[in-house]
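None of the figures in this text is laboratory data; all of them are computed from the coordinates on show. In this text, all values refer to a predicted model and were calculated from it rather than measured experimentally. Using ideal geometry, Cβ is built from the backbone for each residue, glycine included, and neighbour counts are taken over all protein chains shown.
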Amino acid sequence: MFENLAALEPDPILGLMSAYRADPRTEKIDLGVGVYRDETGATPIMAAVRDAEQRRFENEQTKSYIGPPGTEEFNVAVRTMIFGQQLGAVRDGRIAGVQTPGGCGALRVAAELIGRARKGATVWVSTPTWANHVPLLGDAGLQIREYPYYDKATSSLDAGAMLAALAKVPAGDFVLLHGCCHNPSGVDLQMAHWEAIADLAVQRGFTPFIDFAYQGLGAGMEEDAAGLRVIAQACPETIVASSYSKNFGLYRERVGALQIISPNVEQSRIVQSQLGSVVRGIYSMPPAHGAAIVEIITNDEALNAQWLEELTTMRERINGLRALLADRLSAETGRDFSFIREQRGMFSFLGITAAQVHQLRNEYSIYIVDSSRINVAGVNESNIDYFVTAMGNILHA
Ligand code: LMR
């Protein structure tokens, strides 16, 4: 039956995890998959998460189904986290939402919903974008087109080219934006760009579709949501897919959410019913545990404060590493790596060739994605010298 299928290469990001584990050399560095790491290289369970799990363990009453949309408490908690209390759509009750298995689940449910509304609709993604956006959206039948974003020559945003391309997006298309901490480039939109995109979306009639996987890891919980809120305020329709893998460290629990703003309450009710049906047709309903942890933490003042403090530590560690890497790499290689300091979130491109990426892997057991994307959080005091020296060696070779 399946003999006409071909074996596939490992996933460009997840494949690195197994290659790293299988590497027998003791001196090795994993700068591949986007998981936060502390100074010891571990991805610890946050203390607030542990406390919330303990509470849940003591208080949970049932393992019965939670239903396709997930729990109302979770959906309200994340809606507030994303949009705040003041947004018109929140006050008017124009937001439909479901709890999803991770941010990937949210992206896929959104894609399926879009396909129901407009078969073969087009989604515009940034060049580059997260490698998994294309299969997540494309396998649901959506057409993918690209708009310019990252300028390799300057390691920064090509705002002119981006806005010129978005000014030509036809009505009825969707434009995927990264809410903060752009994956893979680390180059974020500034407020003026968000405002310009909001204007274009309204003028042209395209729908902004925001992937929001790193809230709190760029500049802060509120700061990271500011651009997205401009869009949500200005546009009659907006889609937001969010993830709680990174900011709550709940990766394997698969916690995400999808929010869809509609122009009116009646439309929003229709969207809510369609979302439930999409979910039922794919995985029936989401897992409960991770979402319950997010809900417990956000609804408890003390736990919330503890979690915010831990998140701040993570963000400050990443931003401190950015400054350190910018200085150390520039000094060692003679190239200008100051852009790493300016960028946000877990990722930046080193701007080296795929051959040099492979050289790092083969000769030094340093694992980064072929595009030269590094996970900044994988650097620490005990591996930075080795990493910087290896970079110097390959660039001077
Ligand atoms: C990443 O970009 O490394 C993360 O979002 C993990 C993944 O699923 O690719």
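Things to note:
- Here the chain is treated as a sphere whose radius is the Kirkwood value from Cα pairs; by Stokes-Einstein at 37 °C and 0.692 mPa s it diffuses with a coefficient of 150 µm²/s.
- Proximity of backbone amide H atoms, modeled 1.01 Å from N, is registered between residue 122 and 143, 174 at under 5 Å, excluding neighbours fewer than 5 places apart on the same chain.
- Debye equation applied to the C-alpha atoms of the range 1-160, log10 I(q)/I(0) at 0.09, 0.13, 0.19 Å⁻¹: -0.53, -1.12, -1.38
- Computing FRET efficiency as 1/(1 + (r/R0)^6) for residue 299 and residue 7, where r is the C-beta to C-beta distance and R0 is 30 Å, gives about 0.05.
- Share of pairwise Cα separations in the range 215-296, more than 16 Å, in percent: 63 percent
- Computed from backbone phi with θ = phi - 60° and the Karplus coefficients 6.51, -1.76 and 1.60, the 3J(HN,Hα) list for the range 36-46 is 5, 10, 8, 4, 8, x, 8, 10, x, 6, 5 Hz; x is used for glycine and proline.
- Extension gain (nm, one decimal) between residue 358 and residue 233, 0.36 nm per residue minus Cα-Cα: 40.5 nm
- Taken over the alpha carbons of the range 278-344 as equal point scatterers, the Debye sum produces base-10 log I(q)/I(0) values at 0.18 Å⁻¹ of -0.75.
- Projected over every direction and averaged, the convex hull enclosing the alpha-carbon atoms of the range 328-393 yields 4.1 nm².
- Summarising the amide proton neighbourhood of residue 373: residues at separation of 5 or more, or on other chains, whose placed amide H is nearer than 5 Å comprise 350.
- The share of Cα pairs per 10 Å bin across the range 1-84, counted from zero up to the longest distance, runs 11, 22, 25, 28, 14, 0 percent.
- Globularity index of the range 1-45, i.e. its alpha-carbon radius of gyration over 2.2 N^0.38 Å: 1.61
- Using a simple spin-label model with pseudo-atoms 7 Å out from Cα toward Cβ, residue 39 and residue 267 lie 5.2 nm apart.
- Rg in Å to one decimal, and Dmax rounded to a whole Å, for the range 65-299 via C-alpha atoms: 16.3, 52
- GluC sites (Glu not before Pro) within the range 8-97: DSSP coil, no more than 16 neighbouring Cβ in 10 Å: 27, 39, 60
- Here's the picture: a label point sits 7 Å out from the Cα of residue 72 along the beta-carbon direction, and within the range 293-326 the residues with their amide nitrogen under 20 Å of it are 293-300.
- The 3J(HN,Hα) values that the Karplus relation (6.51, -1.76, 1.60; θ = phi - 60°) gives for the range 327-339 are, in residue order, 5, 5, 5, 5, 5, 6, 9, x, 8, 8, 10, 5, 4 Hz. Gly and Pro appear as x.
- For residue 70, residues with placed amide H under 5 Å, excluding near neighbours: 99
- Compactness of the range 98-207, taken as the C-alpha radius of gyration over 2.2 N^0.38 Å, stands at 1.05.
- Counting only DSSP H runs of at least 4 residues, each contributing -39500 (n - 2.57), and dividing by the residue count of the chain, the helix-based mean residue ellipticity at 222 nm comes to -14500 deg cm²/dmol.
- 25 °C / 0.890 mPa s Stokes-Einstein diffusion coefficient of the range 128-183, Kirkwood radius on C-alpha pairs, µm²/s: 195 µm²/s
- Evaluating 6.51 cos²θ - 1.76 cosθ + 1.60 at θ = phi - 60° for every residue in the range 266-281, the Karplus couplings come out as 4, 5, 5, 5, 5, 4, 4, 5, 5, 4, x, 6, 4, 4, 4, x Hz, glycine and proline recorded as x.
- The ranking of 311, 5 by Cβ neighbour count inside 10 Å, starting from the fewest, reads 5, 311.
- Rounded to the nearest 5, the antiparallel percentage of DSSP beta bridges internal to the chain is 45%.
- Note on residue 168: aspartates and glutamates with a C-alpha under 19 Å away, same-chain residues under 8 apart excluded, are 146, 158, 195, 199, 237.
- Diffusion coefficient, µm² s⁻¹, Stokes-Einstein with Kirkwood Rh over alpha-carbon pairs of the range 254-298 at 4 °C and 1.567 mPa s: 107 µm²/s
- With the convex hull drawn around the C-alpha atoms of the range 215-352, the volume per residue stands at 154 Å³.
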